[in-house]
Amino acid sequence: MIEYCNLSERHEEQILALYKENFKILYGEVYDPEKVKREIQTYQVVVAEQAGRVLGFGVSTDLASGIGYPGVSELTAMRRSLMWAKGTTEKKAKFKTFYEQKAKKQGGKAVTRHYNNKFLRETTEVHPEDFYFSAVAVDKKFQNMGIATEITRRRIEIARQSGATAIFADTRIKSASKHIFQKFRFSLMLLRGPTGDNNEASLLMGKRLRKK
């Protein structure tokens, strides 16, 4: 029987191993143990386990607590992203130019796209109590069993109970998590690239939460 719980000390070694195995897929970067330790110490982690073995995990945080990139909080990053997503033609042009310059430096291909949907029309502000979903990963031997879907469902419920009005999620364009977020009706906000060491494009997605 698969059990779902919050992270505890007994899970950490297995979580770090799973992170290392999936880091390139999740972030498009070379494994960074310090980044991982910061995340699991600061963020909330939902763990799927069976008989003491960690099968998968999902990471999330409220934007007020999120550490974000060095020197940038998740709250600041999401406000900036919303500004780009809802921006004027001039702002969208600057957004595109930024990734074109980045692609030139990295030798990758510039990819940008803005979306127009109900989520973006309704979302005018990002609040500290809103949530950000980071990594979700499942052991290769236990994939396609609905584990990542259940982890995501539980993370959404945690966000709802914490008073969030919206959830934001980053995912690599080729990652399976994109389809999981779409299953839970996350809307596309921005497609941008290159991001990370492998020049792969990434998606920013969002979901509004209705009070039950």
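Of the residues making up region 148-181, those that are surrounded by fewer than 17 Cβ atoms within 10 Å (Cβ to Cβ) and part of a strand (DSSP E or B) number 0. Scanning region 104-118 for residues that are among the hydroxyl-bearing types (Ser, Thr, Tyr) and out of contact with any helix residue (DSSP H, G or I) (no Cβ under 6 Å at 6 or more places or on another chain) yields a single hit, Tyr115. Between Gly28, Gly52, Gly108, the distinction of being more than 18 Å from Glu129 (Cα to Cα) and either hydrophobic (A, V, I, L, M, F, W, C) or modelled with pLDDT of 90 or more (or both) belongs to Gly52 only. Selection of region 42-66 for residues being of a type in the set (A, V, I, L, M, F, W, C) and surrounded by 16 or more Cβ atoms within 10 Å (Cβ to Cβ) yields Val45, Val46, Val47, Ala48, Val54, Leu55, Phe57, Val59, Leu63. Just one of the listed residues (Thr76, Thr89) is more than 30 Å from Met1 (Cβ to Cβ) and exposed (fewer than 14 other Cβ atoms within 10 Å of the Cβ), namely Thr89. When the residues of region 84-109 are filtered to those that are touching a Ser or Thr at 6+ places or on another chain (Cβ under 9 Å) and of a type in the set (A, V, I, L, M, F, W, C), the one that is farthest from Arg208 (Cα to Cα) is Phe98.
Of the residues Leu203, Leu188, the single one that is surrounded by fewer than 22 Cβ atoms within 10 Å (Cβ to Cβ), touching a helix residue (DSSP H, G or I) at 6+ places or on another chain (Cβ under 9 Å) and of a type in the set (A, V, I, L, M, F, W, C) is Leu188. Provide a single number: the residues in region 29-83 that are closer than 26 Å to Phe119 by Cα and aromatic (Phe, Trp, Tyr). Of the residues in that region, 2 qualify. On inspection, Arg185 passes the criterion of being modelled with pLDDT of 90 or more, over 20 Å from Glu49 (Cα atoms) and of a type outside the set (A, V, I, L, M). For region 49-99, a residue qualifies if it is among the polar types (S, T, N, Q) and more than 30 Å from Leu18 (Cα to Cα), and the qualifying residues are Thr88, Thr89, Thr97. Scanning region 47-91 for residues that are in contact with a Lys or Arg (Cβ under 8 Å, 6 or more places away or on another chain) and either in contact (Cβ under 8 Å) with a residue 40 or more places away in the chain or hydroxyl-bearing (Ser, Thr, Tyr) (or both) yields Gly52, Gly58, Ser60, Trp84.
The values are calculated or read from the model by the stated rules, or taken from the named source; none is laboratory data. Being a predicted model, the structure only gives us computed values, none of them experimental. All Cβ positions, glycine included, derive from the backbone under ideal geometry; neighbour counts span all protein chains shown.
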